[in-house]
Amino acid sequence: MAVARKLACLVWQLLTTGEPYRWASPLRTAEKLRHLELLAGHPRRRPGAQAGQPSQGGRAAYRARRRRDQDLAKLAQAQYEELVLLRSQVREGS
């Protein structure tokens, strides 16, 4: 029950303020948005560089983005743990 309440509060906060989820994975979010675009009927993109455009780097670039995403997730986890610790200290002090 407590988990359901926390999720409901989180969703309510995100919907009412219109801000994105702070600890969301940027790469995964982009993948999900692209999937929704395809479901909505947007045209598919051809893999590789388009005529007149530089290459996006292929697989190596994806791995680099994935590594940056993992680093961001570690940072988010550390921030979340610090937030929980601060909240517990405030509750103990009051």
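One chain, two ends: A76 and A30. Fully extended at 0.36 nm per residue, the span grows by 14.8 nm beyond their Cα-Cα distance. In the chain, helical runs assigned H by DSSP with n ≥ 4 each contribute -39500 (n - 2.57); averaged across all residues and rounded to the nearest 500, the mean residue ellipticity at 222 nm is -24500 deg cm²/dmol. The 3J(HN,Hα) values that the Karplus relation (6.51, -1.76, 1.60; θ = phi - 60°) gives for region 23-35 are, in residue order, 9, 6, 6, x, 5, 5, 4, 4, 5, 5, 5, 5, 4 Hz. Gly and Pro appear as x.
Over all other residues within a Cβ to Cβ distance under 14 Å of R63, the charged ones net out to +3, with Lys and Arg as +1 and Asp and Glu as -1.
If you take the square roots of the eigenvalues of the alpha-carbon gyration tensor of the chain and sort them as a ≥ b ≥ c, do you get rounded (a/c under 1.5), prolate (a/b over b/c) or oblate? Provide the component values of the computation, followed by the final result.
On the way: a/c = 4.00, a/b = 1.92, b/c = 2.08.
Oblate, since a/c reaches 1.5 and b/c is not below a/b.
Here the Karplus curve 6.51 cos²θ - 1.76 cosθ + 1.60, taken at θ = phi - 60°, turns the phi angles of region 82-91 into couplings of 5, 4, 4, 4, 5, 5, 5, 5, 5, 5 Hz, with x standing for Gly and Pro. In this simple spin-label approximation, W23 and V84 carry label points 7 Å from Cα along the Cα→Cβ vector, and these lie 0.7 nm apart. Ordering A2, G58, A78 by the projection of their Cα atoms onto the charge dipole of the chain, which places +1 on the Cβ of Lys and Arg and -1 on the Cβ of Asp and Glu, puts G58 at the extreme positive end.
Bear in mind that the values in this text are calculations on the coordinates, not laboratory data. Just so it is clear, the structure is predicted and the values come from calculations on it, not from any experiment. Positions of Cβ are generated from backbone atoms using ideal geometry, with glycine treated the same way; all protein chains shown enter the neighbour counts.
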